[in-house]
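Step one of this worksheet: look at the structure below.
Read the figures in this text as sums done on the coordinates, not as results from a lab. These numbers come from a predicted model, not from an experiment. Here Cβ is always computed from backbone atoms with ideal geometry, including for glycine, and neighbour counts include all displayed protein chains.
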Amino acid sequence: MNGIKPMKEIIFLIEDDPKGGYNTQALAYPIFTEGKTLEAVESLPGAILQEVFDFEEDT
């Protein structure tokens, strides 16, 4: 593939937490996070994905 890595599609589900805030999970990966605001949970997956896929590349 000439050094080009295929794209991976990851779908995130964001739900209201009954205790307040929001929960986020990736539907095909064991990635979960939570935040107090919708803006917080929308920004967290990008940072988490960077860590997860950097780790996969190293192994």
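Brief remarks follow.
- Net charge of Cβ neighbours under 15 Å - reference Thr37; Lys, Arg +1; Asp, Glu -1: -4
- Simple label model, 7 Å out from Cα along Cβ direction - Leu13 to Ala40, nm: 2.2
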